[in-house]
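The structure under discussion appears below in the form of structure tokens.
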Amino acid sequence: MTFLRDTALVFAAQLRDNLRNPLWVIIGLMQPVLYLVLFGPLLENLGDEFGGGDDPWLVFTPGMLTMIALFGSAFVGFNMIVELRAGIIERQRVTPASRGALLLGRVGKDMVVLLVQASLLTVVAVLAFGLRPDPAGLVLALLLVALVAAGMSSASYALALRTRSEGSLASLLNTFSVPLLLLSGILLPMTLAPRWLETLATVNPLSHTVDAARALFAGDFGDSEVVVGSVVSIAVAVLLAVVGARTFRRENA
């Protein structure tokens with residue numbers, strides 16, 4: 001019970017900070033919205049080449065949700081560097097609160113922020129572009145991308161604790177996030193890629209998450225990618241959470 005109470009306290013404190021300054025939440029939402037408005041309409045002219053006969057928005061929008069999870073959560077470590085310099089982490093370190101709770105509360109806040117952003121983006125796609133996702137599939141897809149957010153934010157916090165420098169953190173995040181984006185099929189399905197590139201993309205766990213989210217949006221619950229993408233997303237989220245928790249305990253011992 002103490003662990004859950006500590007987690008809830010950290011979560012509430014972090015969420016209050018976001019509510020007092022929601023600018024970064026808005027900024028994190030603007031880029032995917034711009035992709036929807038300026039890039040999405042181009043895909044309608046690709047027809048079967050893009051969506052395989054499906055509504056292209058059922059293919060493109062899940063990719064945008066995953067993009068929010070990737071970039072929005074990957075850069076939360078910058079806020080931790082600010083907290084380190086302000087002495088906030090140090091003050092929390094001397095309390096009896098569990099080190100795991102200090103991390104989990106932050107990760108929980110990041111998941112909530114991601115779900116709000118993803119929901120707003122979906123509403124924009126529904127109202128402006130006629131997106132019609134399967135209702136149950138939409139809920140499951142949101143939960144799936146929330147797992148991505150949990151894993152990425154855990155990794156970002158771990159890197160922030162190790163680097164303690166905005167410049168070093170930015171370099172590391174860009175080194176990993178750009179290949180993850182390009183090889184995930186977020187902007188275009190990897191089925192359009194040459195065979196060697198499509199094969200390379202299969203080792204990118206994010207590509208399986210994107211494929212699963214697209215199948216869920218379309219209501220294809222029996223698609224094998226739903227199972228594969230879910231298992232991969234859970235495994236990666238758990239792995240990165242464990243790495244983040246161990247780093248948090250070690251750096252704050």
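The values are calculated or read from the model by the stated rules, or taken from the named source; none is laboratory data. Just so it is clear, the structure is predicted and the values come from calculations on it, not from any experiment. When we count neighbours, we look across all protein chains shown, and the Cβ atoms used for this are built from the backbone with ideal geometry, even at glycine.
Please determine whether any residue of segment 183-201 is within 27 Å of ARG246 (Cβ to Cβ), without any contact (Cβ under 8 Å) to a residue 40 or more places away in the chain, of a type in the set (A, V, I, L, M, F, W, C) and surrounded by fewer than 17 Cβ atoms within 10 Å (Cβ to Cβ).
The answer is no, given that none of the residues of segment 183-201 is within 27 Å of ARG246 (Cβ to Cβ), without any contact (Cβ under 8 Å) to a residue 40 or more places away in the chain, of a type in the set (A, V, I, L, M, F, W, C) and surrounded by fewer than 17 Cβ atoms within 10 Å (Cβ to Cβ).
Does segment 124-135 contain at least one residue that is under 24 Å from LEU38 (Cβ atoms) and of a type in the set (Lys, Arg)?
For segment 124-135, residues under 24 Å from LEU38 (Cβ atoms) and of a type in the set (Lys, Arg): present.
Say whether the condition of being more than 15 Å from the chain's Cα centre (by Cα), part of a helix (DSSP H, G or I) and among the aromatic types (Phe, Trp, Tyr) is met by at least one residue in segment 163-178.
no
Across segment 136-153, what is the total count of residues that are under 11 Å from the mean Cα position of the chain (by Cα) and either closer than 15 Å to ALA74 by Cα or without any contact (Cβ under 8 Å) to a residue 24 or more places away in the chain (or both)?
Of all residues in segment 136-153, those under 11 Å from the mean Cα position of the chain (by Cα) come to 142-153.
Now drop any that are not either closer than 15 Å to ALA74 by Cα or without any contact (Cβ under 8 Å) to a residue 24 or more places away in the chain (or both), which leaves 143, 145-153.
Residues flagged as under 11 Å from the mean Cα position of the chain (by Cα) and either closer than 15 Å to ALA74 by Cα or without any contact (Cβ under 8 Å) to a residue 24 or more places away in the chain (or both) within segment 136-153 amount to 10.
For segment 4-29: of the residues being exposed (fewer than 15 other Cβ atoms within 10 Å of the Cβ) and either assigned to a loop (DSSP other than H, G, I, E, B) or modelled with pLDDT under 80 (or both), which is farthest from the chain's Cα centre (by Cα)?
ARG20
Please specify each residue of segment 180-228 satisfying the condition of being within 20 Å of TYR35 (Cα to Cα) and part of a loop (DSSP other than H, G, I, E, B).
If the condition is that a residue be within 20 Å of TYR35 (Cα to Cα) and part of a loop (DSSP other than H, G, I, E, B), then LEU183, SER184, GLY185, ILE186, LEU187, LEU188, PRO189 are the ones that fit.
What is the number of the single condition among (1) farther than 12 Å from VAL148 by Cβ; (2) touching a residue at least 40 places away in the same chain (Cβ under 8 Å) that THR209 does not meet?
Result: THR209 fails condition (1) only.
Taking the options ALA136, ALA146, ALA125, name whichever one is surrounded by 14 or more Cβ atoms within 10 Å (Cβ to Cβ) and more than 24 Å from LEU102 (Cβ to Cβ).
ALA125
Could you pull out every one of the helices (runs of 4 or more DSSP H) wholly within segment 52-116 that has 3 or more residues that are surrounded by fewer than 16 Cβ atoms within 10 Å (Cβ to Cβ)?
77-86, 88-93
State yes or no: is ALA241 at pLDDT below 95, in a helix (DSSP H, G or I), out of contact with any Pro (no Cβ under 9 Å at 6 or more places or on another chain) and not β-branched (Val, Ile, Thr)?
For ALA241, the condition - at pLDDT below 95, in a helix (DSSP H, G or I), out of contact with any Pro (no Cβ under 9 Å at 6 or more places or on another chain) and not β-branched (Val, Ile, Thr) - is met.
Sort out which residues of segment 210-231 are more than 18 Å from PRO135 (Cα to Cα) and surrounded by 21 or more Cβ atoms within 10 Å (Cβ to Cβ), and write them in order of number.
GLY229
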